[in-house]
Amino acid sequence: MKFERIAAYPDVNLPKRATKGAAGYDFECAIDTTCPAHKITLIPTGIKAQIDSGYYLQLAVRSSTPKKKGLILANGIGIVDEDYYNNPDNEGHIMFQVYNITDNDVTISAGERIGQGTFIKYMMTDDDVAEGLRTGGFGSTDMNVLLDAIFNPDSLKDADFIQYMNNREGIAP
């Protein structure tokens, strides 16, 4: 397993552990990023991860981030699968999807530590039959529409939700 820089961000720092006993690798924000009040924002890191088979990279915001910045991970935890690496949409760019719980815009500066990633082993059932291949990058499962509905219900129109559900169930519009 290893971290690499994506082509668009050749000068970002690779994630590293702060201490010998730390489980997580600290990720930094790649560019100055403003997180509007009560909105979801993707914070770019400029990093991708080559992950061994049977592992995933779990993302979490730093423990001080909610209190100091008012930012939480919009989906609770982030999961970066091994097949996200070098995907055709975004080269496997790891981004932190945060929700700003404050009434004010929050700016994260380039180089500021925003979150941590921990490599975690997982297991599969004996009768697992997954054969699909990744065809996209971040949000390729259409979850962004659902997350927006949860955190910004006024922004979601009935037609958007119907389209989301139809796509999810494989129903043509």
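Once amide H atoms are built 1.01 Å from N in the peptide plane, which residues 5 or more positions from I79, or in another chain, come under 5 Å H to H?
When sequence neighbours closer than 5 places are left aside, the close amide H contacts are L59.
Along the charge dipole of the stretch 2-125, which of T65, I43, G78 sits closest to the positive end, that is, farthest toward it, with unit charges on the beta carbon of Lys, Arg, Asp and Glu (+1, +1, -1, -1)?
Value computed over the given set: T65.
For F119 and E131, calculate 0.36 nm times their separation in residues minus their Cα-Cα distance, and state this gained length in nm to one decimal.
On the way: separation 12, 0.36 × 12 = 4.32 nm, distance 2.31 nm.
Here the segment from F119 to E131 would lengthen by 2.0 nm.
Over every pair of different alpha-carbon atoms in the stretch 2-125, take the mean of 1/r and invert it; report that Kirkwood radius in Å.
Numbers: mean 1/r = 0.0677 Å⁻¹.
Final number for the Kirkwood radius of the stretch 2-125 is 14.8 Å.
Could you tell me which of the pairs K20/K69; K39/K68; K2/K121; K2/K68; K48/K68; K68/K121 are separated by over 24 angstrom between their Cα atoms in the structure shown? Kindly include the intermediate steps, with their values, before the conclusion.
Details: K20/K69 27 Å; K39/K68 17 Å; K2/K121 15 Å; K2/K68 30 Å; K48/K68 27 Å; K68/K121 31 Å.
From the list (K20/K69; K39/K68; K2/K121; K2/K68; K48/K68; K68/K121), the Cα-Cα distance tops 24 Å for K20/K69; K2/K68; K48/K68; K68/K121.
If you take every residue apart from I43 with its C-beta less than 10 Å away from the C-beta of I43, what net charge results, scoring Lys and Arg +1 and Asp and Glu -1?
Details: positive: none; negative: E28, E112.
Spelling it out: positives minus negatives among the neighbours equals -2.
Values in this text are rule-based calculations from the coordinates and carry no lab data. Model, not experiment: these values are computed from the prediction. Please note: Cβ atoms are built from the backbone with ideal geometry, for glycine as well, and neighbour counts cover all protein chains shown.
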